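Colleague: Below you'll find the structure I mean.
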Amino acid sequence: MSSFLAHALSRVKPSATIAVTQKARDLKAQGREVISLSVGEPDFDTPEHIRNAAKAAIDRGETRYTPVLGIPQLREAVARKFKRENGLDYKASDTIVATGGKHILFNAFLATINAGDEVIVTAPYWVSYPEMVAICGGKTVFVDTKMEDGFKLQPEALEAAITPKTKWLVLNSPSNPSGAAYSHDEMKKVTDVLLRHPHVHILTDDIYEHLVYGDFKFVTPAQVEPNLMDRTLTMNGVSKAYAMTGWRIGYAAGPSKLIKAMDLLQGQQTSGACSIAQWAAVEALEGPQEHLATFRKAFEERRDLVVSMLNQAKYLKCPTPEGAFYVFPSCAEAIGRKTPAGKVIESDEDFVTELLEAEGVAVVHGSAFGTGPNFRISYAASALTLEKACAKVQAFCASLK
């Protein structure tokens, strides 16, 4: 029966974040108290004016098929958003709307990757990038980043990774899982390298754009270096900043040739995204934005709480990230130590497994994101929950000998 399934599936690993979340659910079902900090999802409700726009769209009868590329009103709103917030001059005809940011990325790879093409991805990375590349027959070239560099791609490392087969560089800022975000000067060093390699295209995942803290100013590659516009796909969506994960709307803008190719694929896959969700996304992009400051303030306070408490735990080091809602502490000093039951912690996967068993706190091991020994905590939870979870992490670390 195995010959019935596509060989491509053998190249794909299941999502580690989903696996950890499921394990936490299973323990809860057994009656265990579990605090799950494994999911990258805001704990806020979708703002009311966006929900109302969706209801109004239903009442207007906006319930039919939409154009494959998205309703004109949303594509125009996307073009205006890129101009207003990023200084990027995209026409509405250069935009595409899809069923989430993940769908945008997948279609971009599917439309461009031939067998053997290389895609540069920085580690730690979001778990889906290499799997998408593998399904499309490409090869992921991982470039490691270091905690002392803020988990950011260094220009020399990028230069060394580029070959004649390189098709894409994937850049995620702020990053899942590290929360690292590139300042203007840091991004300029990266774009300077790319200017020297005109065959390399840039896929920029800006989904956490609005979740940056302190005085940090978000930038996207084509904004820093306009000469890269014609080989950059700028991807974004409404899921994180507008608490619309389940609405499944992602969008992007890029070279017309690429948008047309993605349109061709999407026309045979899903056609247009959900009509009601698209009208809600119009309101998200064009309506009141006051909730963003509220979200940012709450997330920044939670980040500071989690960073402080983790740095008070034995054997952990936790840098302060610039954005998103994740921290990515090192548990290197815990490796080789024993739990009270005598189990030796041999890897970050052991660390998170024993943490879940002993204290009921679910986090994701860093090696799932290509970098260890670390782990990822999502602080998209209430301050009370985070305080309780971090106290349990401290207790677990204190128990190691």
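Colleague: For the chain, give the percent of accessible area contributed by carbon and sulfur heavy atoms, probe 1.4 Å, rounded to a whole number. Write out the running numbers ahead of the final one.
Modeller: Numbers: 9160 of 17100 Å².
Answer for the chain is 54 percent, counting heavy atoms of protein chains only.
Colleague: Helix 348-359 versus the longest principal axis of the chain: what is the Cα-based angle in degrees, 0 to 90, to the nearest 10?
Modeller: 70
Colleague: Going by average Cβ density within 10 Å per residue, which order do the peptides 206-214, 224-232 take, highest to lowest? Can you show the working numbers first?
Modeller: Values: 206-214: 21.4, 224-232: 18.1.
Per-residue Cβ counts within 10 Å, averaged per peptide and sorted highest first, yield 206-214, 224-232.
Colleague: Towards the positive end of the charge dipole of the chain, with charges on Cβ (+1 Lys, Arg; -1 Asp, Glu), say which of Gly87, Asn172, Ala24 has the farthest Cα.
Modeller: In the chain, that residue is Ala24.
Colleague: In Å and from the alpha-carbon atoms only, list the Rg and Dmax of segment 201-257.
Modeller: Both quantities, over Cα of segment 201-257: 12.6, 39 Å.
Colleague: Let me ask something additional. How far apart, in nm, are the 7 Å Cα→Cβ label points at Arg80 and Asp144?
Modeller: According to this spin-label approximation, the distance is 4.8 nm.
Colleague: Right, here's the next one. Which sequence of His199, His49, His103 reflects their accessible areas, 1.4 Å probe, from the largest down? Numbers along the way, then the final one.
Modeller: On the way: His199 70, His49 50, His103 25 Å².
Accessible-area ranking of His199, His49, His103, largest first: His199, His49, His103.
Colleague: Sticking with this one: Quick check on segment 89-240: take the gyration tensor over C-alpha atoms, sort the square-rooted eigenvalues as a ≥ b ≥ c, and tell me if it's rounded (a/c under 1.5), prolate or oblate.
Modeller: rounded
Colleague: Separate question: What does the charge dipole of segment 320-381 about its Cα centre add up to, to the nearest 20 debye, if the Cβ of each Lys and Arg holds +1 and the Cβ of each Asp and Glu holds -1?
Modeller: The calculated dipole for segment 320-381 is roughly 40 debye.
Colleague: Can I ask one more? Quick check for you: with a 1.4 Å probe and neighbouring chains kept, what is the accessible area per residue of segment 1-42, in Å²?
Modeller: On the way: 3030 Å² over 42 residues.
I get 72 Å² per residue for this part.
Colleague: Using a 10 Å cut-off on Cβ atoms, rank the peptides 344-356, 26-38 from the highest mean neighbour count down. If you can, show how the numbers build up before the last one.
Modeller: Values: 344-356: 20.3, 26-38: 15.1.
Per-residue Cβ counts within 10 Å, averaged per peptide and sorted highest first, yield 344-356, 26-38.
Colleague: May I ask you to list the residues of segment 367-401 whose amide nitrogen lies under 17 Å from a point 7 Å from Cα along the Cα→beta-carbon direction of Lys338?
Modeller: Under 17 Å, as judged by backbone N against the label point of Lys338, lie 397-401 of segment 367-401.
Colleague: Under the 0.36 nm per residue contour assumption, what length would be gained going from the current alpha-carbon distance of Arg32 and His199 to full extension?
Modeller: Here the answer is 54.8 nm.
Colleague: As a test of the definition: which semi-axes, in Å, follow for the chain when you take the square root of five times each eigenvalue of its alpha carbon gyration tensor? Largest first, please.
Modeller: The answer is 34, 25, 21 Å, longest axis first.
Colleague: Still on this model: Grab the DSSP H runs of the chain that are 4 residues or longer, score each as -39,500 (n - 2.57), total them, divide by all residues and round the 222 nm result to the nearest 500 deg cm²/dmol. Walk me through the numbers before you get to the answer.
Modeller: Working: 13 runs with 161 residues, N = 401.
-12500 deg cm²/dmol, from helical runs alone.
Colleague: Something else: Order 104-116, 142-154 from most to least packed using the mean count of other Cβ atoms within 10 Å.
Modeller: The packing order, highest mean first, is 104-116, 142-154.
Colleague: Quick one: grab the alpha carbon gyration tensor of segment 133-200, order the square roots of its eigenvalues as a ≥ b ≥ c, and give me rounded if a/c is under 1.5, else prolate or oblate depending on whether a/b is larger than b/c.
Modeller: The shape class here is oblate.
Colleague: So what's the angle, to the nearest 10 degrees on a 0 to 90 scale, between helix 290-311 and the longest Cα principal axis of the chain?
Modeller: Helix 290-311 sits at roughly 30 degrees to that axis.
Colleague: Then there's this: Working from Cα positions, state the angle (0 to 90°, nearest 10) between the long axis of helix 72-86 and the longest principal axis of the chain.
Modeller: With both axes taken from Cα atoms, the answer is about 60 degrees.
Colleague: Distance between the C-alpha centers of segment 85-158 and segment 199-274? Whole Å please.
Modeller: What the calculation gives is 10 Å, centre to centre.
The values are calculated or read from the model by the stated rules, or taken from the named source; none is laboratory data. Computed from a predicted structure; not experimentally measured. Positions of Cβ are backbone-derived with ideal geometry, glycine not excepted, and every protein chain shown enters the neighbour counts. Quick note on the areas: whole protein, heavy atoms, side chains included, nothing else; ligands and nucleic acids left out. Shrake-Rupley method; radii C 1.70, N 1.55, O 1.52, S 1.80 Å.
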